[in-house]
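The structure is given below, and queries will be raised subsequently.
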Amino acid sequence: MIQWKEDIIIETNIEKVWSLFLDKNIQKIMPKVEEHILIEKNENEIGAKHQQSYREGKRVETYIVNTLDYEDTETSKKKQISFVLANAFETNLLFKLEKIDENHTKFIYEGSNKGVNFVGRAMLKLGNKKGAMKVVEDFLQRVKQEALNM
C-alpha cells in the first residue's frame, strides 16, 4: 500500500480553490480524466456516485467514484472519494481546504493506493515510491496554479 499526506498554501480565497473540485472544473486539475458523469445523488453530498473515465496513454479505464465524505463550510471544505481502478487498485483520496485568511488557503491532499488482488499488490510493491510521490507533488502544484489562474 502507498499512503501520503501532503499540504500546500495557496495564495487565494478558499472559494476559488474549492471551485476546482466542482464537477464542471474537475478536468482542470485532473487533465487525464476524460469523462466525469454524475449517476447518483448530487455532486455535493455524501453517497454521490460518478462514472469517470481516465486515459493513460492509449488505454482508457472507466470506473465508479464514490463520495464518502463531504463538508462545505465558510472556513473548511472537504471531499473524500474512493474508487477501484482496473480491478487492481483501491484508491482513497481526501481533498481538504482550510481558510487561513481571505487570501490564503491551506490545501491538504491525503490518500492511499492499495492492491486489491495479486497483480495490484505486486505492481505496488514493484512500483517506484519516488514516482508516486512526484505524482502527488505535481497534483498539489496543478491545483495551486489553476486556483491562481481563476
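Give me the percent of accessible area attributable to carbon and sulfur for the chain, probe 1.4 angstrom.
Carbon and sulfur atoms account for 50 percent of the accessible area of the chain.
Additional query: Give, to the nearest whole percent, the P(r) tail of region 71-143 beyond 13 angstrom, counting all Cα pairs.
In whole percent, the long-distance tail amounts to 72.
List the aspartates and glutamates whose alpha-carbon lies under 14 Å from that of K58, not counting same-chain residues fewer than 8 positions away?
Cα-Cα hits under 14 Å: E34.
If I build a Gaussian network model for the chain, linking alpha-carbon pairs within less than 10 angstrom, which residue out of H50, H104, H36 has the largest mean-square fluctuation?
Of the options given, H104 has the highest mean-square fluctuation.
Setting aside same-chain residues fewer than 8 positions from K16, which lysines have a Cα under 16 Å from its Cα?
Result set, ordered by chain and number: K24, K28, K77, K78, K79, K96, K99, K106, K144.
Continuing with the same structure: Mind sorting out which of [x] 73, 46, 36; [y] 56, 29, 23; [z] 47, 35, 26 is the real Cα extents along the principal axes in Å computed from the coordinates?
Structure-derived value, by its label: [z].
Send over a whole-number figure in Å² for the accessible area per residue of the chain, probe 1.4 Å.
It amounts to 57 Å² per residue over the chain.
Another question, if that's okay. Quote the accessible area belonging to M30 in square angstrom, nearest 10, computed with a 1.4 Å probe and with ligands, DNA and RNA left uncounted.
Here the residue's solvent-accessible area equals roughly 40 Å².
Where the only charges are on Cβ atoms (+1 Lys, Arg; -1 Asp, Glu), what is the dipole of the chain about its Cα centre, to the nearest 20 debye?
800
Could you tell me which of L126, T62, M150 has its Cα farthest along the dipole of the chain towards the positive end, charges placed at Cβ (Lys, Arg +1; Asp, Glu -1), taken about the Cα centre?
The residue sitting most towards the positive pole is L126.
Also, quick follow-up: Ignoring everything but the protein chains, give the 1.4 Å probe accessible area of L126 in square angstrom, nearest 10.
About 150 Å², ignoring ligands and nucleic acids.
Also, I was wondering about something else. Counting only helical runs of four or more DSSP H residues, what would the 222 nm mean residue ellipticity of the chain come to if each run contributes -39,500 (n - 2.57) and the total is spread over all its residues?
Numbers: 4 runs with 40 residues, N = 150.
It lands at -8000 deg cm²/dmol.
The values are calculated or read from the model by the stated rules, or taken from the named source; none is laboratory data. A quick note: this is a predicted structure, and the numbers were derived from the prediction, not measured. Here Cβ is always computed from backbone atoms with ideal geometry, including for glycine, and neighbour counts include all displayed protein chains. Calculation scope for accessible area: heavy atoms of the full protein, side chains included, ligands and nucleic acids excluded. Shrake-Rupley method; radii C 1.70, N 1.55, O 1.52, S 1.80 Å.
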